[in-house]
Amino acid sequence: MSGESHGALRSHFEATHLHATDPWSVETSWYEIRKRAVLLAALPRERYGAVLEIGCSTGVLTEELAGRSDRILAVDLAESAVQTARERLAGLAHVRVAQGDVSDGLPAGQWDLVVVSEVAYYLDGDVWRHLVGTIASQLTEGGTVVACHWRHPASDFRQSGDAVHQALTQHPEFTTVVHHEEPDFVLDVVTLTRKATT
């Protein structure tokens with residue numbers, strides 16, 4: 001994705017969040033509420049150490065993940081979304097929210113859990129496939145990735161939700177431990193299965 005495309009996407013999401021405080025009705029929509037519950041129930045561990053959430057938006061899912069994490073870094077492209085998330089999560093000392101573009105790479109660190117919910121279809125396919133490899137390289141041994149995406153088309157998507165999940169589950173370093181598919185969304189949980197070095 002070019003720098004110009006990065007800028008256009010950032011501007012798009014800034015405008016989206018400035019136009020509405022809850023642009024996708026994540027706090028009130030039954031679809032969103034139920035989907036978060038399915039995502040959290042699908043996580044194989046009760047608790048995680050270091051968690052990275054990509055595309056946190058206003059921090060609604062972040063707040064729920066916080067109860068099962070020792071520390072969270074939540075990132076979003078739009079500064080307006082980051083500010084809203086920071087206000088929501090201000091009382092949680094183990095949660096940090098930062099503005100960032102994962103198309104340029106992930107924040108430094110090793111992660112026990114990476115969460116990618118309703119965001120990867122905004123990336124070009126080659127950018128997403130490269131990012132999947134980067135995620136694998138920054139996961140701890142046995143680390144988990146959970147991805148969840150809407151399955152219907154939208155004018156601002158660069159690929160389908162199904163294509164996003166195909167790239168994730170076909171990565172050679174991942175084993176799928178949960179696959180949940182409905183007409184509206186698909187959810188996958190994969191774990192890292194690198195061979196131990198001698």
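Hey, what do the phi angles of the stretch 149-158 turn into as Karplus ³J(HN,Hα) couplings, whole Hz, using 6.51/-1.76/1.60 and θ = phi - 60°, x for Gly and Pro?
Coupling constants for the stretch 149-158: 8, 4, 9, 9, x, 8, 5, 9, 7, 9 Hz.
Check each of the trypsin sites (Lys or Arg not before Pro) in the stretch 114-198 and keep only those in coil by DSSP with at most 16 other C-beta atoms within 10 angstrom; list them in order.
Within the stretch 114-198, the qualifying trypsin sites (Lys or Arg not before Pro) (loop, at most 16 other Cβ atoms within 10 Å) are Arg151, Arg194, Lys195.
With θ set to phi - 60° and the Karplus curve 6.51 cos²θ - 1.76 cosθ + 1.60, what are the ³J(HN,Hα) couplings of the stretch 126-132 in order, to the nearest whole Hz, using x for Gly and Pro?
With the stated coefficients, the stretch 126-132 comes to 5, 5, 5, 4, 5, 5, 4 Hz.
Whose amide H sits under 5 Å from the amide H of Tyr48, counting only residues 5 or more places off or on another chain, with H placed in the peptide plane?
Ser69, Asp70
What's the local net charge at Cys56, with K and R +1, D and E -1, over the other residues with C-beta under 12 Å away? It would help to have the intermediate numbers written out before the result.
Values: positive: Arg86, Arg88, Arg96; negative: Glu53, Glu63, Glu64, Asp76, Glu118.
Cβ neighbours under 12 Å give a net charge of -2.
Whole number in Å², please: accessible area per residue of the stretch 146-198, 1.4 Å probe, ligands, DNA and RNA not counted. Walk me through the intermediate numbers first.
Values: 2910 Å² over 53 residues.
Heavy-atom accessible area per residue stands at 55 Å².
Given axes a ≥ b ≥ c from the Cα gyration tensor, I'd like to know whether the stretch 47-198 is rounded (a/c under 1.5), prolate (a/b larger than b/c) or oblate. Display every interim value, and only then the final one.
Numbers: a/c = 1.57, a/b = 1.11, b/c = 1.41.
Judged from the Cα gyration tensor, the stretch 47-198 comes out oblate (a/c at least 1.5, b/c at or above a/b).
Rounded, prolate or oblate: which one fits the stretch 115-190, using the alpha carbon gyration tensor with axes a ≥ b ≥ c (rounded when a/c is under 1.5, else prolate when a/b beats b/c, else oblate)?
Details: a/c = 2.26, a/b = 1.38, b/c = 1.65.
Cα axes put the stretch 115-190 in the oblate bin.
The values are calculated or read from the model by the stated rules, or taken from the named source; none is laboratory data. The shown structure was predicted, so the numbers you read here are calculated from the model rather than taken from an experiment. Ideal geometry is used to build each Cβ from the backbone, glycine not excepted, and the neighbour counts take in all protein chains shown. Side chains are part of the model used for accessible areas, which takes the heavy atoms of the whole protein and leaves out ligands, DNA and RNA. Shrake-Rupley method; radii C 1.70, N 1.55, O 1.52, S 1.80 Å.
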